[in-house]
Amino acid sequence: MAVTADATAVFPRVLDQAYPLVERGEGVWLYDADGRQILDACGGGAMVTSLGHGRHDIVEAAARQAEELPYYYYHQFTNELQERLADRVLEVAAPEMARARFVTGGSEANEMALRLARQYHVDRGEPERWRVISPGQAYHGATFGTLALTGRGTLRHPFEPYLADHLHIPPPDEDGLAALDLALEQAGPETVAAFFCEPVGAAALPAYSPPKSFWMGLEERRDRHGFLVCFDEVATGFGRTGAWFAGRELPLEPDIVTFGKTLGAGYAPLAGLLCREHVYDAVAAESRNFEHGHTWDGAPLFCAIGLAVLDILVEEGLVERVAQRGPRLRVELEAALAECSLVGEVRGRGYLLGVELTEPVAPLVDRIAYEHGLLVTSSHSAPDGYVGDQTLLAPAFTSTDEELAEMVERFAATLSEVEASS
Ligand code: PLP
């Protein structure tokens, strides 16, 4: 059973698409209303359900907190769960960071990072700094602040009038520093507030990371020009690439990091940012006010779920598991796709895998994958002009070897069928 636009009161995202009705999930399996089993190779479709569906331990932690106190407005009060979650996140996942603030989605987290970067410069007496430079082949969110950070025309249209005039560079390769220098020169480096990027690409350019020379050159330019480096780890944070944060494996430390997805793991809308001490200190020394908030920020219910997720990640050694198993998974995927002419490149970082397609067939790939009982997410990037279409695989960290093998097999069968039909 699939729901079409004329048979629903919901305003669907794509009006010409029929949406299958999914009823329940268990581990990496989803079950639709017709009783079909779908193998979830993409964390619920959006790299979110990294611990699988139907985790009773998380549900129990949520139920306990819901009984006790689900909600408290963080403007007037703090709560023990928020305090504990901030401590735990810094202790377990990011000891080099100084402060945490929680919100309820990745776009909000990135919007907040933009605000913090701006507040930092204003508080330091440099109000002319506001512009952001970012790699254009990226997705940072749906709000107008974050949408302005992507250079993808297909996402920006028709909202350009609302988008700030930031600068974009192509996905940084060996020539990435030349593109960065050009953007700095165009903007005037004294007007630049931040360089904003994913340390490892997620949906828009899965598993791509610029070369080491780019990161080292970026650090040198940050020191020279005084902008901040913000890492969007909404998708990669908390283990997806086999590290607590993907940026910790790079040769530069960001000033601000955002996270989302895995910390709530599909059981709570939970996201946020972390910042280094000197960023906090700038605000502490001047305005002493970091104004940004949404009704549900830091709610005890969501923080209780974040704490349960962190406990599971630690107790089950899942970040280590992803680090160990990820490289082999990429090799297995590459081998299974070796004969397919539609495959340009297979990339992988932990359990974040990307397949570059040589033809603009992204929508077809997702549809045929679904017919094979497989959930993957492709992005139709070709019209944006940076890279070809991409397919993303992001299995749950808890997937068994058999389940991973089944994902690879079903995906190879999918691409063979797409190849035959195109
Ligand atoms: N940043 C990245 C890297 C993402 O992948 C996403 C969502 O896919 C976002 C930001 C936006 O997060 P949200 O959809 O939770 O607002």
Task: Ala113 being within 16 Å of the ligand (Cβ to nearest atom), among the aliphatic types (A, V, I, L, M) and in a helix (DSSP H, G or I) - done: yes
Task: Residue count for segment 252-301, restricted to those that are under 22 Å from the mean Cα position of the chain (by Cα), modelled with pLDDT under 95 and among the acidic types (Asp, Glu) - done: 0
TODO: Determine which single condition Tyr31 fails, assuming it passes every other condition in (1) assigned by TED's automatic domain parsing to the domain that holds Leu205; (2) among the hydroxyl-bearing types (Ser, Thr, Tyr); (3) in a strand (DSSP E or B).
DONE: (1)
Open item on the list: Which condition from (1) within 12 Å of the ligand (Cβ to nearest atom); (2) aliphatic (A, V, I, L, M); (3) open to solvent by 10 Å² or more (accessible area, probe 1.4 Å) is the one that Ala204 breaks?
Closed with: (3)
Task: Whichever residue in segment 77-110 is of a type in the set (Asp, Glu) and more than 16 Å from the ligand (Cβ to nearest atom) and, among such residues, is surrounded by the most Cβ atoms within 10 Å (Cβ to Cβ) - done: Glu96
Task: Residue under evaluation Leu155, criteria (1) more than 16 Å from the ligand (Cβ to nearest atom); (2) more than 25 Å from Leu274 (Cβ to Cβ), criterion not met - done: (1)
- [ ] Report those helices (runs of 4 or more DSSP H) wholly inside segment 300-375 carrying at least 1 residues which are without any contact (Cβ under 8 Å) to a residue 40 or more places away in the chain, open to solvent by less than 40 Å² (accessible area, probe 1.4 Å) and not assigned by TED's automatic domain parsing to the domain that holds Ala202.
- [x] 362-371
Task: Those residues of segment 246-268 which are within 13 Å of the ligand (Cβ to nearest atom) and among the aromatic types (Phe, Trp, Tyr), in sequence order - done: Phe259
TODO: Looking only at segment 30-76, count how many residues are surrounded by 17 or more Cβ atoms within 10 Å (Cβ to Cβ) and within 30 Å of Ser379 (Cβ to Cβ).
DONE: 20
Open item on the list: Quick check on this structure: which one of His292, His225 is of a type outside the set (D, E, K, R), within 30 Å of Ala308 (Cα to Cα) and either within 16 Å of the ligand (Cβ to nearest atom) or assigned by TED's automatic domain parsing to the domain that holds Gly141 (or both)?
Closed with: His292
Open item on the list: Pro383 - would you say it is surrounded by fewer than 16 Cβ atoms within 10 Å (Cβ to Cβ) and touching a Pro at 6+ places or on another chain (Cβ under 8 Å)?
Closed with: yes
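The values are calculated or read from the model by the stated rules, or taken from the named source; none is laboratory data. Here the structure is a predicted model, which means the values were calculated and not measured. Positions of Cβ are generated from backbone atoms using ideal geometry, with glycine treated the same way; all protein chains shown enter the neighbour counts. Note: accessible area is taken over every heavy atom of the protein model, side chains too, but ligands, DNA and RNA are not part of it. Shrake-Rupley method; radii C 1.70, N 1.55, O 1.52, S 1.80 Å.
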